[in-house]
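Below: the structure, in structure tokens.
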Amino acid sequence: MIGFYLFLVLEKFLMLLPKKLRRSFFISLGFIAYKLSKKYNKVIRDNLKFIYGDDISQEFIQDIAKASFRQLLLNVLHTMEIRYYSIQELSKKVSFVNDEILTRAREQNRPIIFVTAHYGYWELCGSMISALREPTTAVYKNMNNKYFENYLVSSRSKSRMELIEKSGATRKLLKSIRSKKAIALLIDTNINKKEAVTVNFLGKATSQVRTPAYLARKFDAALIPTLIHTTDDEHYTIRFYDEIITPKTDNEEEDIRVSTQLQADWLSKEILKEPQPWFWLHRRFKNDYPEIYKS
């Protein structure tokens, strides 16, 4: 509890600083974390070698690592700023691409499922979509520290986002989608094989969450891939990609597998095209390939 209240004091101090100075502070923290965290630098290196092979250069690994820590700390900054700034102020540096994809789904009166990933500044992405385009229901994993959990939930809720805890989330997701509300689901997290479908992701047979495909098939929902992009870490573009069509045949499990593979294909293509924004700090392949993270 004491640590959390000290954090709130630090937050208030930081929010009194000019934006550029505050941003520079978090970027510096990211660089310090990169320099000091042997544990997570190893996770990044393990992930990169698993995907790209042992011949990748040390320079490539270092560039990805620096970007990963930088993005992590700037995501923390965005979480903080969302609590203080109006949505209108935050939206000044955010633009949307391919709005017609979302408009088409609305005109068809279909539920919307945004499939996205820990790619770039995902905290800002989720908040801006929910605040400016479509109020969303999203799933979060509970934290050991309830003070920080409530802090995170309060930040996200400010943008019209409804947060539901991962345990028992399916029932609430069903309620949302039956009401034709939009939901947002991350598809790049490490997941229990019982809840997953095996797909080819980044060239590896990997377990991936089946929920988006299941819900899209059952409720004829529009499955819209979505990512946030930036070239300068100050101006952001949220891109809606072409809808992924989930087949509906007599073979439900095959339909779900096909749709989930299409999601994995889309995300793999984006990561391989521009690898730096993906969250390489995450032990994405832990359940399928635990050996790659061994000391």
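The values are calculated or read from the model by the stated rules, or taken from the named source; none is laboratory data. As the structure is a computational prediction, the values presented were derived from the model and not from experiment. Using ideal geometry, Cβ is built from the backbone for each residue, glycine included, and neighbour counts are taken over all protein chains shown.
Set side by side, the residues ILE61, ILE56, ILE101, ILE51 differ, and just one is surrounded by 14 or more Cβ atoms within 10 Å (Cβ to Cβ) and over 30 Å from TYR293 (Cα atoms), which is ILE101. For segment 64-87, the tally of residues that are over 26 Å from TYR293 (Cα atoms), surrounded by fewer than 18 Cβ atoms within 10 Å (Cβ to Cβ) and not hydroxyl-bearing (Ser, Thr, Tyr) stands at 2. Only a single criterion out of (1) under 20 Å from THR226 (Cβ atoms); (2) surrounded by 15 or more Cβ atoms within 10 Å (Cβ to Cβ) is not satisfied by LYS180, namely (2). Exactly one residue among ALA205, ALA213, ALA138 is part of a helix (DSSP H, G or I) and either closer than 26 Å to GLU274 by Cβ or free of Cβ contacts under 8 Å to residues at least 24 places away in the same chain (or both), and that residue is ALA213. Being within 25 Å of ARG110 (Cβ to Cβ) and outside any loop (DSSP other than H, G, I, E, B) is a property that ILE271 lacks. Scan segment 221-259 for residues that are among the hydrophobic types (A, V, I, L, M, F, W, C) and more than 17 Å from the chain's Cα centre (by Cα) and the total you get is 6. So which residues in segment 143-165 are outside any helix (DSSP H, G or I), over 21 Å from PRO225 (Cα atoms) and under 16 Å from the mean Cα position of the chain (by Cα)? Passing the criteria: only GLU165.
Can you find, within segment 42-87, the residue that is farthest from the chain's Cα centre (by Cα) among those that are charged (D, E, K, R) and over 29 Å from ALA205 (Cβ atoms)?
Of segment 42-87, the ones charged (D, E, K, R) are 42, 45-46, 49, 54-55, 59, 63, 66, 70, 81, 83.
Filter once more, so that each one left must be over 29 Å from ALA205 (Cβ atoms): 59, 66, 70, 81, 83.
Working: GLU59: 26, LYS66: 19, ARG70: 16, GLU81: 18, ARG83: 19 Å.
Top of the filtered list is GLU59.
Only residues that are farther than 30 Å from TYR293 by Cα, without any contact (Cβ under 8 Å) to a residue 40 or more places away in the chain and either surrounded by 14 or more Cβ atoms within 10 Å (Cβ to Cβ) or not β-branched (Val, Ile, Thr) (or both) were counted across segment 9-40, and they come to 11. Exactly one residue out of SER127, SER179, SER157 is of a type in the set (Gly, Ala, Ser), under 25 Å from TYR85 (Cβ atoms) and out of contact with any Lys or Arg (no Cβ under 8 Å at 6 or more places or on another chain), and it is SER157.
Annotation: of all residues in segment 186-220 being among the small types (Gly, Ala, Ser), at pLDDT 95 or above and within 20 Å of the chain's Cα centre (by Cα), the one that is surrounded by the fewest Cβ atoms within 10 Å (Cβ to Cβ) is SER207.
I'm trying to understand the selection: among the residues of segment 130-151, which are out of contact with any Asp or Glu (no Cβ under 7 Å at 6 or more places or on another chain) and either modelled with pLDDT of 90 or more or surrounded by 16 or more Cβ atoms within 10 Å (Cβ to Cβ) (or both)? It would help to see each step written out before you state the result.
Step one: of segment 130-151, the residues out of contact with any Asp or Glu (no Cβ under 7 Å at 6 or more places or on another chain) are 130-136, 138-139, 141, 144-151.
If the condition is that a residue be out of contact with any Asp or Glu (no Cβ under 7 Å at 6 or more places or on another chain) and either modelled with pLDDT of 90 or more or surrounded by 16 or more Cβ atoms within 10 Å (Cβ to Cβ) (or both), then SER130, ALA131, LEU132, ARG133, GLU134, PRO135, THR136, ALA138, VAL139, GLU149, TYR151 are the ones that fit.
Kindly provide the set of residues from segment 197-227 that are over 19 Å from VAL139 (Cβ atoms) and polar (S, T, N, Q), ordered by number. Listed by number, the residues that qualify are THR198, ASN200, THR206. Selection of first residues in segment 49-66 that are in a helix (DSSP H, G or I) and of second residues that are of a type in the set (Gly, Ala, Ser), restricted to Cβ pairs under 8 Å at least 6 apart or on distinct chains, gives the following pairs, ordered by first then second residue: ILE51/GLY203; LYS66/GLY30.
Filtering segment 16-43 to residues that are within 19 Å of ASP233 (Cβ to Cβ), assigned to a helix (DSSP H, G or I) and hydrophobic (A, V, I, L, M, F, W, C) leaves LEU21, PHE25, PHE26, ILE27, LEU29, PHE31, ILE32, ALA33.
Taking segment 105-129 as the search range and keeping residues that are of a type outside the set (A, V, I, L, M), part of a helix (DSSP H, G or I) and in contact with a strand residue (DSSP E or B) (Cβ under 8 Å, 6 or more places away or on another chain), which one is surrounded by the fewest Cβ atoms within 10 Å (Cβ to Cβ)?
The selected residue is ARG106.
Does LEU90 satisfy the condition of being assigned to a helix (DSSP H, G or I), at pLDDT 90 or above and either surrounded by fewer than 14 Cβ atoms within 10 Å (Cβ to Cβ) or within 22 Å of the chain's Cα centre (by Cα) (or both)? So LEU90 does not fit the description; no.
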